[in-house]
Every structure is written in structure tokens, then in C-alpha cells.
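The values are calculated or read from the model by the stated rules, or taken from the named source; none is laboratory data. Please read these numbers as outputs of a predicted model, since none were measured by experiment. Every residue, glycine among them, receives a Cβ derived from its backbone with ideal geometry; neighbour counts consider all protein chains shown. All accessible areas refer to the heavy atoms of the entire protein, side chains included, with ligands and DNA or RNA removed. Shrake-Rupley method; radii C 1.70, N 1.55, O 1.52, S 1.80 Å.
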Amino acid sequence: MNETDLQLSDGRTLHVYDTGRGDLPVFWNHGTPNLGAPPEPLFPAAERLGLRWISFDRPGYGGSTPAPGRTMASVAGDVEQVADALGIDRFAVVGYSGGGSYALGTAAVLRERVRAVVTLAAIAPYGVDGLDWFDAMVPSGVASLRAALGGRQVKEAWEASGVEYDPEFTAQDHALFEGPWGWLGKVAGGGLTAGPYGLIDDDISYVTPWGCDPATIIAPMLLLHGDRDGIIPSSHGRWLAAHCPTAELRSFPTDSHFTIVEQADSGLDWLDNLP
């Protein structure tokens, strides 16, 4: 794994990860509040399929400079600068949880440069017609994101209040964390080391305009979503599938927000089988 600090055109720094090998470059978009390291549990599949993982800590996480007010569209600009610095023309994007929405934003903004999109439990844009955005979301998630609706000052106060987020883990979730996907705990553990800025800016970005429209994506899209997801309810996946012409939705009746990652290998196989 190569890790470098890339200085962007506006003077900010992004901490970039690159496995450095593979025929198809794939940008990984991490969840909240995680570091941006590529997904170790998917390394065997990537090796088998010839995929090269590239990723970065989103602004405010790890070694990346905070960028208050960032959006899906502005982070797509960061992806473009990383790709240019590495000499990469076209690439696929994969994202988990909120990172799935950032993957969609990258595809919407960079268009022809994105070959394909795979998301695991992506969040739909806030305030869109035909979606009760908070319906079936766990109470902790509703409270945290409603605080984000109040703006940065309100969200900062919420995070500083000592409130504890309860994801309502299931027995299946706990079993997942005992295996290779215990890696999620590793990247989550370091996600707040640099402070709460990445989490705050992520949550605000989920409830404010994206700066782009996922319905304009021209690349093939595969949306993977668990029907037992209480963090990002499956209605978000259904809305995205209904409004994005190139999207295919695969729903999994017994998967939660966490166990959906076990379907990621099938998403990489889908990538590999595209023309």
C-alpha cells in the first residue's frame, strides 16, 4: 500500500492510498466516520479480478485538511485531482454507506471518466419528492442528521454534547465483526482521531444539496441495499434505482447496514463482467 499526501490546487492536503497494481483503477469511497483506507476484506477479490484500489481520507478525516461546506460535487473535484496526479484517465467508483453517495456524486460530475459505479447502502439526496427520508431510520440516526439540518454550529454543539450514537447492532452484525469485516472497526476507530470535523461535514453534506444530480449519471450503476438497514433505510436504494436510468438495484431481505458488505464481492464481479 502506498500512502501519500497530495497538495490540491487550493492548497489543501489529501491523504491518498493506492495499492499500485491492477488493470482497472477503482476509487473507494468510505463511510462515516471512517478513514479512507481501501477495504482489506476485498483485497483477495481485487487481486483475482485485477483491480487497483485508490482512495483518500475525505476532507476532515485522517491526514486530509477539513473543507467545511464540502458537497458530493466538490469531493468529485478532489477525486479528479487525485486521478490526474496518478495519471489515470478512466476508473470505476465504489462506495459504502455515505461513501456510496459520494461515489454517485463523482459519477454525476465526472461523467465519461467514470466507467461504472457500485454502491453499498447509499444515501439518496435529502428533500427529494417521493421519499420519506427519515422513515425507518434508527432514532440515533434521525437525531444526528436533524442536528446537521440546523447547520454547522448546531451540529458541532450536538457532537460536543457527549451524546452517544446507537446503531442498534444485531446478532448478525456482531458475528460479521468477528470475521474479516471486523476491519470496519479498524477504520472507524481512527476516523475521529483528527477530531469530529469529517463526521460533521459528512452529515451536513447528506442533508444539503449535492451540487449535482445522480439522475444524470451515464455510467452503469449497481446499487446493493439490505432490507433490514436501519441506518440508511432501503427506501433510499429504491428511490435511487427509480430515478437513475442506468441503475440496477439488488435488494437483500436479510441484510442490515453492516452485513450488506458481504455482498460487495458480487459487486466487484459485476464490475469485471461489464463490457
Under 9 Å by Cβ, and 6 or more places apart or on different chains, what pairs join a residue from the stretch 151-179 that is at positive phi with one that is surrounded by 11 or more Cβ atoms within 10 Å (Cβ to Cβ) and hydrophobic (A, V, I, L, M, F, W, C)? G151/I204; E168/V138; E168/I231
Being more than 25 Å from E262 (Cβ to Cβ) and either assigned to a helix (DSSP H, G or I) or at pLDDT below 95 (or both) is the filter here; which residues of the stretch 215-239 pass it? A215, T216
For the stretch 58-88, which residues satisfy the criterion of being open to solvent by less than 10 Å² (accessible area, probe 1.4 Å), closer than 11 Å to L6 by Cα and either assigned to a loop (DSSP other than H, G, I, E, B) or not hydrophobic (A, V, I, L, M, F, W, C) (or both)? S64, D78
So H30 ticks every box in (1) open to solvent by less than 20 Å² (accessible area, probe 1.4 Å); (2) in contact with a Ser or Thr (Cβ under 6 Å, 6 or more places away or on another chain) but one. Which box is left unticked? (2)
Search result, residues across the stretch 240-275 that are open to solvent by less than 40 Å² (accessible area, probe 1.4 Å), outside any loop (DSSP other than H, G, I, E, B) and over 28 Å from A175 (Cβ atoms): L240, A241, A247
(1) within 24 Å of G162 (Cα to Cα); (2) in a loop (DSSP other than H, G, I, E, B); (3) touching a Phe, Trp or Tyr at 6+ places or on another chain (Cβ under 8 Å) all hold for T193 apart from (3)
